[in-house]
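Since the structure comes first, as structure tokens, the remarks are kept for the end.
The numbers here are math on the coordinates, done by the rules we state, and not lab data. Small disclaimer: the values here were computed from a predicted structure and weren't measured. Using ideal geometry, Cβ is built from the backbone for each residue, glycine included, and neighbour counts are taken over all protein chains shown.
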Amino acid sequence: MIRRSFLVGCGSYLPEQVVTNDDLALRVDTSDAWIAQRTGIRSRHIAAPDQMTSDLAIAAARRALEAADLPGEAVDLVILATTTPDNTFPATAVKVQAALGITKGFAFDLQAVCSGFLYALATADNFIRLGQAHTVLVIGAETFSRILDWSDRSTCVLFGDGAGAVVLCAGEGEGHSGDRGILSTHLHADGRHYQQLWVDGGVSSTGTVGHVRMQGQEVFRHAVARLSEVVDEALTANGLTPDDIDWLVPHQANRRIIDSTARRLKLSPEKVVITVDRHGNTSAASVPLALSEAIGDGRIQRGHLVLLEAMGGGFTWGSALVRL
Ligand code: ACO
């Protein structure tokens, strides 16, 4: 028998305010047709001025704990993937920890932009496998709207705010691909692409928060190629084929990138979870938001094999195979 991480609960939170493409067309020179055709995005949620990333994260984490039927005290590790922390320090994760009444164990933020949830999931899985944690809250939460240049139509139409969370618990498996739990995780980074998708400010460079800047076509090209590689890597590592996958839950950046990954896997569109039309790109929150929606509405069920993938600034990218 081997130690594995079981996904026992999932939850999410979206801010109330919905901003449509038509709303954006009143602010910048764009149109619903342009945005929808290039990205598949129709609307996104934007946090209220008094809502911070921690507020979104806490709401999603509470729902994940409820779904897992576990009290906050059961948690011994909180990992919060975010690019938009409340403060430069301490980690937003400790605010979440305190709000949930967790006083034991440890908590930290993790920064891998849109790949943040995959990085956090892999980190949590490794802590569990090594016996250093038993019950882990893995959260992706963003107020990405705070780092957008709202006069730049090439970026401001792409992103949204939100949070998603999962609870992982240590359990035992037999060590084969039929096991429940996280079967494997695969992470990559290539810092040569730092300035293809980045924020032009920061604590140690400008002393300002900065705004998202992006070479859209380069990002698109790399996303399609790297995501294909990393989903193949996950299947090969487990001796599985695309036919074995019940659900693809991809990072929700662009419908065309998602369709390209699905085509490569020869997956029918019914097996792909899509939220980008209503959420936009919520960075580290996108995968757990999509996962939470498909578990919540009963599409993803116990025993299903789920392939998660994401790619983001850095570049960073990763995948995970999880049997619910
Ligand atoms: N509305 C109308 N026109 C626009 C807009 C807009 N919102 N944004 C840009 N344009 C214009 C440009 O100014 C340009 O005009 P020009 O020809 O007069 O110069 C024209 O549209 C074409 O611009 P491109 O950048 O070449 O458009 P493209 O077809 O590449 O689409 C897009 C841009 C949607 C950003 C695409 O490159 C893309 O999706 N890239 C991936 C980026 C991404 O998903 N980033 C998210 C983070 S990374 C990740 O999560 C994977």
Exercise. Aspartates and glutamates near Lys271 by alpha-carbon distance under 13 Å, same-chain residues fewer than 8 away left out - which ones?
Worked result: Asp243, Asp244, Asp246, Asp259
Exercise. Using only helices, what value at 222 nm comes out for the chain when you add -39,500 (n - 2.57) per DSSP H run of length 4 or more and divide by the total residues, to the nearest 500 deg cm²/dmol?
Worked result: -9500 deg cm²/dmol
For this session: Please give the contour-minus-distance gain from Asp259 to Glu16: 0.36 nm per residue of separation, less the Cα-Cα distance, rounded to one decimal in nm.
Result: 84.6 nm
Exercise. How far apart, in nm, are the 7 Å Cα→Cβ label points at His304 and Ala48?
Worked result: 3.3 nm
Exercise. Normalised by the residues of the chain, what does the relative contact order come to in percent, with Cα pairs under 8 Å and at least six apart?
Worked result: 26 percent
For this session: Would you mind calculating the gained length between Phe108 and Arg146 on full extension (0.36 nm times residue separation, minus the Cα-Cα distance), in nm to one decimal?
Result: 11.5 nm
Problem set entry | segment 137-284 - percent relative contact order, Cα under 8 Å, separation 6 or more | 27 percent
Exercise. What's the Kirkwood radius of the chain in Å, using all Cα pairs?
Worked result: 19.4 Å
Seminar exercise, completed: Descending packing, highest mean Cβ count within 10 Å first, for 62-69, 120-127, 180-187, 83-90 is 120-127, 180-187, 62-69, 83-90
Seminar exercise, completed: Two pseudo-spin positions, 7 Å from Cα along C-beta at Lys266 and at Thr208, lie apart in nanometres by 5.2 nm
Seminar exercise, completed: If each K or R counts +1 and each D or E counts -1, the residues other than Ala93 whose Cβ falls under 11 Å of its Cβ total -1
Exercise. Roughly speaking, what % of Cα-Cα pairs in segment 181-323 are separated by over 17 Å, rounded to a whole number?
Worked result: 61 percent
For this session: Output the Kirkwood hydrodynamic radius of segment 1-147, Cα pairs only, in Å rounded to one decimal.
Result: 16.6 Å
